[in-house]
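So the structure is just underneath, and the comments pick up after that.
The values are calculated or read from the model by the stated rules, or taken from the named source; none is laboratory data. A quick note: this is a predicted structure, and the numbers were derived from the prediction, not measured. Neighbour counts run over all protein chains shown; Cβ positions are idealised from the backbone, glycine included.
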Amino acid sequence: MKLSVAATAFLFAMPALAEEPIDPTRIISAATGDWNRDKQTDLVLMVAKSRDSFLIDIYFYLREGDRSQLKLVTRAREKVTGNFDKYDQYGLDASVEARPNGSIAIYSKSDTSGRNMWEQTVTVAYREDRFVVAGFTYSFYDTLGIRSHGNCDYNVLTGKLKIDDKDLKPQPAKVIPIADFDQNVLRSICGE
């Protein structure tokens with residue numbers, strides 16, 4: 001998704017309210033929406049750590065009241081993997097998208113050369129004044145193992161869990177702030 005003129009101007013005019021400024025040349029993906037349901041347009045950015053890293057930081061901004069300024073409220077460090085320069089590692093991709101219900105979909109996948117292919121979507125929602133993991137969907141397959149594949153859909157907020165299209169015993173409902181999200185923990189719940 002292309003950044004709006006206002007969002008681009010914001011990035012160039014002022015460093016992100018973080019330890020270091022965002023390098024606009026490392027933005028992988030962006031989305032706008034009304035995350036906190038105040039009828040103001042908010043912003044989320046996926047930013048590559050560096051050219052040498054596959055780790056991606058995610059910045060969540062909310063518009064402050066009736067002011068037009070966006071305020072950084074959460075920075076989720078190194079939460080997903082993706083490729084900053086698609087020519088270096090084709091098939092290791094990440095993006096972010098606004099959903100009609102006000103949630104945010106953080107998508108990543110690996111279908112590079114090798115055996116193990118996967119894709120996942122982390123659904124993030126704004127609840128009780130913070131960004132939390134609402135859902136996690138994951139699918140995987142081994143290109144050499146015909147029986148080594150699966151899929152999972154996990155509603156983190158309710159505990160509802162479906163693996164390989166079968167409903168399983170619900171997990172305890174959790175509230176996981178996006179800054180504390182660990183994809184390996186949720187993948188293990190999904191059976192990988």
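Some notes on this structure:
- Failed item in (1) closer than 24 Å to Leu45 by Cα; (2) hydroxyl-bearing (Ser, Thr, Tyr); (3) out of contact with any Cys (no Cβ under 7 Å at 6 or more places or on another chain), with Tyr138 passing the rest: (3)
- Taking (1) in contact with a Lys or Arg (Cβ under 7 Å, 6 or more places away or on another chain); (2) acidic (Asp, Glu); (3) modelled with pLDDT under 80 in turn, Glu19 satisfies each apart from (1).
- Of all residues making up region 84-114, the number that are under 18 Å from Thr25 (Cα atoms) and either loosely packed, with under 14 Cβ neighbours inside 10 Å or modelled with pLDDT of 65 or more (or both): 8
- Residue check for Asp167: surrounded by 12 or more Cβ atoms within 10 Å (Cβ to Cβ) and among the charged types (D, E, K, R): no
- The set of residues in region 169-188 being in a helix (DSSP H, G or I) and touching a residue at least 40 places away in the same chain (Cβ under 8 Å) consists of Ile178, Ala179, Gln183, Leu186, Arg187.
- Cβ-Cβ distances below 6 Å connect no pair with a first residue in region 112-141 that is free of Cβ contacts under 8 Å to residues at least 24 places away in the same chain, a second residue that is loosely packed, with under 14 Cβ neighbours inside 10 Å and among the β-branched types (Val, Ile, Thr), and a separation of six or more residues or different chains.
- Taken over region 128-145, the residue count meeting the criterion of being under 22 Å from Pro100 (Cβ atoms) and within 16 Å of the chain's Cα centre (by Cα) is 8.
- Flag not set for Asp165, criterion: out of contact with any Phe, Trp or Tyr (no Cβ under 9 Å at 6 or more places or on another chain), acidic (Asp, Glu), modelled with pLDDT under 90 and closer than 23 Å to Ile28 by Cα.
- The residues of region 134-149 that are buried (at least 19 other Cβ atoms within 10 Å of the Cβ) and in contact with a Lys or Arg (Cβ under 8 Å, 6 or more places away or on another chain), listed by number, are Ala134, Tyr138.
- Filtered residues of region 176-191 (kept if at pLDDT below 90 and either loosely packed, with under 15 Cβ neighbours inside 10 Å or under 16 Å from Glu78 (Cβ atoms) (or both)): Phe181, Asp182, Gln183, Asn184, Val185, Leu186, Arg187, Ser188, Gly191
- Matching option when the condition is in a loop (DSSP other than H, G, I, E, B) and over 24 Å from Arg130 (Cα atoms), among Gly150, Gly191, Gly159: Gly191
- Scanning region 59-73 for residues that are modelled with pLDDT of 90 or more and either surrounded by 18 or more Cβ atoms within 10 Å (Cβ to Cβ) or acidic (Asp, Glu) (or both) turns up Tyr59, Phe60, Tyr61, Leu62, Arg63, Leu70, Val73.
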